[in-house]
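Following: one structure in structure tokens, then a few remarks.
Values in this text are rule-based calculations from the coordinates and carry no lab data. Computed from a predicted structure; not experimentally measured. When we count neighbours, we look across all protein chains shown, and the Cβ atoms used for this are built from the backbone with ideal geometry, even at glycine.
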Amino acid sequence: MIESIGRNTIGLINGVGMFGRFSARTVATSCASLLQPKTYPLIWLQMYNIGVKSVGVVMVTGAFVGMILAIQGYDQLHSMGLEERMGLLINISVVKELGPVLVAVMLAGRVGGALTAELGTMNVTEQIAAVESMGTDPVKYLVAPRVIACLLLTPVLIVYADMLGILGGYFEGVIQHKINSAAYWNYSAHGVELWDIGVGLTKGFFFGAAIATIGCYKGFNCKEGAQGVGQACTEAFVASFIAILAINYTFVVVAKAIYDTFWIGESLL
Amino acid sequence: MESDNNIPVISVKELVKRFGSRLVLDGISIDIEKGKTTAIIGPSGCGKTVLMKHMIALERPTSGSVYFKDHRIDNLSQKQLAGIRANYGFLFQGGALFDSLTVFENIIFPIRQRRKIKNFKEIEELVKSKLALVGLDGFQTQYPANLSGGQKKRVALARAIALDPKVILYDEPTTGLDPLRSDIINELILKLQRELSVTSIVVTHDMNSAFKIADRILMLHEGKIIADGDADYIRSHPDSIVQQFIKGTVGEAELAALRQAGTRTRT
Ligand SMILES: Nc1ncnc2c1ncn2[C@@H]1O[C@H](COP(=O)(O)OP(=O)(O)OP(=O)(O)O)[C@@H](O)[C@H]1O
Ligand SMILES: [Mg+2]
């Protein structure tokens, strides 16, 4: 009993250490890659795979979030006669929290899973060893382009989700529930600051980097066989999901502290 | 230059490798001479692939050391190894072709990683000639998924020799090929040795191939080298394990085990 707890603890610490080393190598290699135009085609290819193909699903996610917030919020606010402020409620939730987090979760499933499965299969069939045997660093060739692409594109995808979320809320609130359009936008504009949008997008960089790094790490350390690859994908998704929540929490705490000390409310418009 | 010929190309010293508690290699020492073909034989699962991967630092020893010429390589980082690995070609047991790339792109991969390709025509010619060597010219635009097992193996071989490496490690080059193809591969290995004085290390189960191509044969058994010499020496080796292996006959103990295990479950 105690023995097994001990073994698990050692295993966990080992895993964290290995992941730490892998991440450090990834960061160093990615920074170096950004300075080498030779690697740009690889990054472009991954940007297409990761980004362009995710736009649709991310926009749908955003639109539904906006609409649902509007439906749920309307009755509450209407009973207090505050429905004109609904724009503020919806837009700030979408821009600051729901947009970034839901996009990240979406990507953890769509992109993270694909990364793990691809690299895991390459690992099992010795393709990663083959890259290595030809004198190319697999982290540089396989991991860095994926991490860079994911890191750069997650904020962009968040912008799309935010836009559609805002439009979705507008559609439900103004068009379906006949809230006064000018008032709706006015409250939104006064409430949502540049800071909020900035925080939301900055989170995106971290989410993107975390999803890709975890996905690649799990792929690189995947066990033999179809079952091994499947298991690695599941583990990658769970780990990414937890990482997203943890990063988000840290961000909220840190951002709030910074805001309270430094920001001198400069509102949009 | 003269001294360069005397030092072994690859040198393995007191190599021990464990996976968890399983001891796979138990104190192996070998020096591989320049320009010679060395065959490594041994029963399935005895650690031939693992030994070969140590020679290019794809696996790291539990203890002991590995040298390329006079550089110690087993403790180098990925970056430091890049230059050394340019001297090697490695044929993986399973081929390890990149399945997102075509045959053509697979073969130019090692070239593309080394230098910027300027003269595309020249590269096309090179790929054509390497594929012709393994009898697969015309397959340039195919993806590995569309090739048979033996064809994949041959494309992988073409990729391994694409850069005219000085040292080529072949992991079972003839397994899964028909007898005629196998012999073509044997001739290819001999040709590379004669014309480019390549140093080859060949892991194989195919004794005909080993006797034909090898200047020296090593037999690995339970983590140790139990026989080491030229073809004639191995043929007349006194050890019964070696004799059984090269003749492909089953020992009394295995036969008894077979007899014990019924082929049908009685009801
Ligand atoms: N990465 C690894 N992790 C754990 N065990 C391993 C690993 N690689 C190899 N082994 C073990 O080492 C032993 C030797 O494997 P190896 O692949 O070298 O055999 P082999 O001699 O090449 O066999 P074959 O002729 O069938 O290819 C096997 O028992 C295998 O289970
Ligand atoms: Mg093997």
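Annotations for the structure displayed:
- If you look at the Cα atoms of the protein assembly as shown, you get an Rg and a Dmax of 30.0, 101 Å.
- Contour excess over end-to-end distance, with Cα ends at B:D183 and B:E105 and 0.36 nm allotted per residue: 25.4 nm
- Segment A:147-182 and segment B:45-98: distance between their alpha carbon centers, rounded to Å: 52 Å
- Between B:Q244 and A:H177, the FRET efficiency estimated from the beta carbon spacing at R0 = 56 angstrom works out to 0.05.
- For the protein assembly as shown, a simple Cβ point-charge model (Lys and Arg +1, Asp and Glu -1, everything else neutral) yields a dipole of about 560 debye relative to the Cα centre.
- Most simply put, the protein assembly as shown has about 55% antiparallel DSSP beta bridges, counting only bridges with both residues inside it.
- For chain A, the membrane-span-like helices by this rule, meaning whole DSSP H stretches whose C-alpha atoms cover at least 30 Å of axis and whose Kyte-Doolittle mean is -1.0 or above, are A:2-34, A:55-80, A:144-170, A:194-220, A:225-262; this says nothing about an actual membrane.
- Top positive-direction residue, dipole computed over segment A:2-268 with Cβ charges, set A:L194, A:M47, A:T250: A:M47
- Relative contact order of segment A:2-268, pairs being alpha-carbon contacts under 8 Å that are 6 or more residues apart, as %: 31 percent
- For a label point 7 Å along the Cα-to-beta-carbon line of B:N146, residues of segment B:72-97 with backbone N under 20 Å: B:96-97
- Loop-located GluC sites (Glu not before Pro) across segment A:190-269 with a Cβ neighbour count of 16 or fewer within 10 Å are A:E224, A:E266, with loop assigned by DSSP.
- Coarse-grained scattering of chain A at q = 0.09, 0.12 Å⁻¹, given as base-10 log I(q)/I(0) from a Debye sum over alpha-carbon atoms: -0.50, -0.79
- Chain B, relative contact order in percent, only Cα pairs under 8 angstrom and at least six apart counted: 24 percent
- Restricting attention to chain B, close to 55% of DSSP beta bridges with both partner residues there are antiparallel.
- Assigned charges on the beta-carbon of Lys, Arg, Asp, Glu; chain A dipole about Cα centre (debye): 540 debye
- Here, chain B has an Rg and a Dmax of 19.8, 74 Å when only alpha carbons are counted.
- Magnitude of the charge dipole for chain B, about its Cα centre and with charges confined to Cβ atoms of Lys, Arg (+1) and Asp, Glu (-1), is about 860 debye.
- Placing a pseudo-label 7 Å from each Cα along the Cα-to-Cβ vector at B:A132 and A:W185 gives an inter-label distance of 7.1 nm.
- Seen against the Cα atoms of chain B and their longest principal axis, helix B:103-114 is set at about 70 degrees.
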